[in-house]
Amino acid sequence: MKYYTFVFLITLVFWGFGHREPEIGTVLDNLNGINVYYNGPVFSKVQGRNTSEDGYNFGLKFQCVEFVKRYYYYHLNHKMPNTYGHAKDMFDRTLPDKAFNRKRGLMQYRNVREYKPAVNDILIYDAYAGNAFGHIAIISKVGNGYVEIVHQNMGKESRRTLNLVNFESYWTVADYHILGWLRKEPVPN
């Protein structure tokens with residue numbers, strides 16, 4: 001009996017080492033030189049605020065908004081005029097399709113419209129049951145019938161592929177909760 005107990009305990013120890021949760025702040029992925037960090041298994045966990053060297057507010061450490069704003073700041077040299085708000089707040093529901101979102105300093109496109117999403121666009125999810133804050137991600141690839149997104153604060157997952165549907169003249173990222181996307185473009189007059 002002691003032998004089986006010993007084997008069972010050794011098995012548990014080795015199994016446990018191979019299946020541990022990463023440490024909070026562990027780098028999960030990288031997109032164009034910008035790291036994606038692990039925030040733990042609870043998406044609402046807050047680790048403090050992250051700012052740039054010049055004081056620009058990225059947001060709460062290891063949250064989805066923080067990654068997106070850090071990506072736009074370092075990779076696309078963009079600072080949002082309004083640096084606060086939850087993910088869902090990045091999208092201005094009062095604007096029509098393809099309009100300039102002044103709070104974010106970016107063009108805004110609605111999902112299920114005539115404009116196709118592009119690489120480096122910010123994909124914005126509305127709030128939904130279990131997540132009152134919404135979610136945002138960076139579109140890293142656009143292919144025939146799909147978009148790949150890179151995001152932070154979704155457990156250990158840093159990338160996801162979503163269906164991209166084109167019907168007649170309309171493009172849809174096929175997820176009911178997606179409001180649309182933001183894009184860095186020249187400022188309209």
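The values are calculated or read from the model by the stated rules, or taken from the named source; none is laboratory data. For clarity, every value in this text was computed on a predicted model and none was experimentally measured. Ideal geometry is used to build each Cβ from the backbone, glycine not excepted, and the neighbour counts take in all protein chains shown.
The table that follows gives values for the structure above.
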item	result
Counted residues, the range 60-81 - those being out of contact with any helix residue (DSSP H, G or I) (no Cβ under 9 Å at 6 or more places or on another chain), more than 16 Å from S44 (Cβ to Cβ) and assigned to a loop (DSSP other than H, G, I, E, B)	3
Failed item in (1) in contact with a Leu (Cβ under 8 Å, 6 or more places away or on another chain); (2) outside any strand (DSSP E or B), with Y176 passing the rest	(1)
Residue count for the range 126-145, restricted to those that are at pLDDT 95 or above, outside any loop (DSSP other than H, G, I, E, B) and over 9 Å from the mean Cα position of the chain (by Cα)	4
Answer from N57, N30 - the residue that is closer than 18 Å to K88 by Cα and either loosely packed, with under 12 Cβ neighbours inside 10 Å or more than 16 Å from the chain's Cα centre (by Cα) (or both)	N57
Test: residue in the range 159-171 that is closer than 20 Å to L76 by Cβ and either touching a Pro at 6+ places or on another chain (Cβ under 6 Å) or of a type in the set (A, V, I, L, M, F, W, C) (or both)	no
Qualifying positions in the range 112-141 - surrounded by 14 or more Cβ atoms within 10 Å (Cβ to Cβ), closer than 24 Å to L31 by Cβ, out of contact with any Asp or Glu (no Cβ under 8 Å at 6 or more places or on another chain) and among the β-branched types (V, I, T)	I122, I124, I136
Whichever residue in the range 32-59 is outside any loop (DSSP other than H, G, I, E, B) and without any contact (Cβ under 8 Å) to a residue 40 or more places away in the chain and, among such residues, is farthest from P22 (Cα to Cα)	N57
Given (1) modelled with pLDDT of 95 or more; (2) surrounded by fewer than 21 Cβ atoms within 10 Å (Cβ to Cβ); (3) aromatic (F, W, Y), index of the condition Y109 fails	(2)
Test: residue in the range 86-100 that is outside any loop (DSSP other than H, G, I, E, B), crowded, with 22+ Cβ neighbours inside 10 Å and not hydrophobic (A, V, I, L, M, F, W, C)	no
Some residue of the range 155-165 being over 15 Å from F67 (Cβ atoms), in a strand (DSSP E or B), in contact (Cβ under 8 Å) with a residue 40 or more places away in the chain and among the polar types (S, T, N, Q)	no
Any pair with Cβ under 6 angstrom, 6 or more apart, that starts in the range 61-86 at a residue that is touching a residue at least 40 places away in the same chain (Cβ under 8 Å) and ends at one that is among the aromatic types (F, W, Y)	F62/Y37; E66/F58; H78/Y72; H86/F133
Qualifying residue in the range 152-171 (condition: among the aromatic types (F, W, Y), in contact with a strand residue (DSSP E or B) (Cβ under 9 Å, 6 or more places away or on another chain) and more than 30 Å from E23 (Cβ to Cβ))	yes
Criterion: at pLDDT 95 or above and under 20 Å from N35 (Cα atoms) - qualifying residue of K103, K79, K88, K116	K79
